[in-house]
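For reference, the structure discussed in these notes is given below.
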Amino acid sequence: MSELLSVFLHLLLFKLVAPVTFRHHRYDDLVRTLYKVHNECPHITRVYSVGRSVQGRHLYVLEISDYPGIHEPLEPEVKYVGNMHGNEVLGRELLLQLSEFLCEEFRNGNQRVARLVQDTRIHILPSMNPDGYEVAAAQGPNASGYLVGRNNANGVDLNRNFPDLNTYIYYNEKYGGPNHHLPLPDNWKSQVEPETQAVIQWLRSFNFVLSANLHGGAVVANYPYDKSLEQRVRGFRSTANSPTPDDKLFQKLAKVYSYAHGWMYQGWNCGDYFPDGITNGASWYSLSKGMQDFNYLHTNCFEITLELSCNKFPGQEELPREWLGNREALIQFLEQVHHGIKGMVLDENYNNLAGAVISVSGINHDVTSGDHGDYFRLLLPGTYTVTATAPGFDPETVSVTVGPGEPVLVNFHLKRSIAQASPVRRAPSGGRRVRVKVQPRAARKKEMETKQPRRGPA
Ligand SMILES: [Zn+2]
């Protein structure tokens, strides 16, 4: 055999059986790895960038789905974000492993993975802070100072950099006002870092339903709110359990991760104890302007924060154990997006109604339908009274029983309100619907009472 042929065969063999390699990936290596996964699974993946860091590095996302680049109505969007703190590197490596794993297992005919890929649109952002990572990586594992590389290149902690919407929701909960999709401040772009701005625009351009943000420095699944409801005590916000209206659901989502994880559920980790391996964010320590609370208050997305390792920058030799400890949890968490209820909101002519509000009686947090008219509402098993409303249309209310398995399909066909003189006004340029008052309050209330079935347990 000629030497050239031998080298060629060797390379071919290496390419075919190349094992998943456990190493820390610097920026160039990370980009190569994402494109390698894309080249291995071109039909179910797409690489795209949501923007650039301060130093110009791309924030690359790997999308995994049966039709990458396309939102299929009723197929939920889910995301993972890693390495928001540049020196907390395990999430970055786990998300690269996960990307390779999903690709390989899909190719190997793994039924569970194939189903996940077919029914879900998965977006993976392995590094939200690639500049900080390079600073931390230059120091190397273990040697790195506890905070070296945590912030972005402007020295800003990205998980304290999102617009603070908690203050508004706490006010609204007390005095009335919207319970979802709180607006951004007018000058928000000038108040946030480039990485934060890119991520906010990303959150606004997809109708994400479920998400996790991967950190390090502890081992616990942390759920909102992160910012304490309590008043400041001598300048500091006191730590106090600060539940969202979806508290039970968030606890369940956090427990799915902790119990599918190798050891998180045990609770004793890194010198801390968290029962079941989960915690409300603010009851651990209060944090303002974080990404988790922002997801819940500004979008339809339910996000939790996963603290995955005591050592923020573990050595390479620890990566295989960490991957085995997290693999099942990462998959099970993605599968959680397929619970609760979902459906289409249509008018009488079967046109999609985007931005329709879906309310669940007893839970003071609404979600909205996406651009395609489809909505997703994660719910625990139980019986619920669900109402869809859209400006210019009569509300429609149904009773629905949710089981522990597949989501229940609940479609709404809204009828145009008779009391409305003119059809739904459209904004001059953007095409977004404008809210118009359509029906006298008393008439609507009376109709709601007749249509609304008996309230079930929530
Ligand atoms: Zn962190």
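The values are calculated or read from the model by the stated rules, or taken from the named source; none is laboratory data. Source: prediction; values computed, not measured. Using ideal geometry, Cβ is built from the backbone for each residue, glycine included, and neighbour counts are taken over all protein chains shown. Areas reflect the complete protein model, heavy atoms only, side chains present, ligands, DNA and RNA absent. Shrake-Rupley method; radii C 1.70, N 1.55, O 1.52, S 1.80 Å.
Per residue, the stretch 340-416 exposes 35 Å² of solvent-accessible protein surface, assessed with a 1.4 angstrom probe and all protein chains in place. Take 303-316, 107-120, 86-99 and order them by the average number of nearby Cβ atoms within 10 Å per residue, most first; the result is 86-99, 303-316, 107-120.
3J(HN,Hα) couplings calculated from phi for the stretch 72-78 with the Karplus curve 6.51 cos²θ - 1.76 cosθ + 1.60 (θ = phi - 60°) are, in sequence order, 8, x, 6, 9, x, 9, 9 Hz; Gly and Pro show x. Once backbone amide H atoms are built at 1.01 Å from N, Tyr225 has Ser242, Thr244, Gly281, Ala282 as its partners under 5 Å, excluding neighbours fewer than 5 places away on the same chain. Compute the Cα gyration tensor for the stretch 27-336, then decide on rounded, prolate or oblate, letting a ≥ b ≥ c be the square roots of its eigenvalues: rounded whenever a/c is under 1.5, prolate when a/b is larger than b/c in the other cases, and oblate in all that remain. Note, shape of the stretch 27-336 comes out rounded. 3J(HN,Hα) along the stretch 205-214: 9, 10, 8, 5, 10, 9, 7, 9, 10, 9 Hz, from the Karplus curve 6.51 cos²θ - 1.76 cosθ + 1.60 with θ = phi - 60°, whole Hz, x for Gly and Pro. Here the contact order of the stretch 25-166, divided by its residue count and restricted to Cα pairs under 8 Å and six or more residues apart, works out to 29 percent. For the stretch 27-336, the carbon plus sulfur part of the accessible surface works out to 49%, probe radius 1.4 Å. Evaluated with a Cβ-only charge set (Lys, Arg +1; Asp, Glu -1), the stretch 260-383 carries a dipole of roughly 160 debye about its Cα centre, given to the nearest 20.
Round to a whole angstrom and tell me the spacing of the C-alpha centers of the stretch 175-213 and the stretch 103-143. Taking the Cα centre of each part, the stretch 175-213 and the stretch 103-143 sit 23 Å apart. Scalar couplings 3J(HN,Hα) for the stretch 408-416, obtained by applying the Karplus form with A = 6.51, B = -1.76, C = 1.60 to θ = phi - 60°, are 8, 7, 10, 8, 10, 10, 7, 9, 4 Hz; x denotes Gly and Pro. The residues neighbouring Gln332, those whose beta-carbon lies less than 11 Å from its own, together hold a net charge of +1 under the Lys/Arg +1, Asp/Glu -1 convention. Among the listed pairs Lys36/Lys342; Lys36/Lys289; Lys248/Lys415; Lys36/Lys227; Lys289/Lys312; Lys252/Lys312, those with a Cα-Cα distance over 31 Å are Lys36/Lys342; Lys36/Lys289; Lys248/Lys415; Lys36/Lys227. Here the stretch 338-395 is treated as an ellipsoid with the same Cα gyration tensor; its semi-axes, largest first and in whole Å, are 20, 13, 9. Less than 5 angstrom separates the built amide H of His365 from those of Val360, all sequence-distant by 5 or more or on a different chain. Pairs of Cα atoms in the stretch 100-158 fall into 5 Å distance bins, from 0 up to the last occupied one, in shares of 4, 16, 18, 12, 8, 9, 13, 15, 5, 0 percent.
Here the contact order of the stretch 340-416, divided by its residue count and restricted to Cα pairs under 8 Å and six or more residues apart, works out to 39 percent. Using a probe radius of 1.4 angstrom, the carbon and sulfur fraction of the accessible surface of the stretch 340-416 is 49%.
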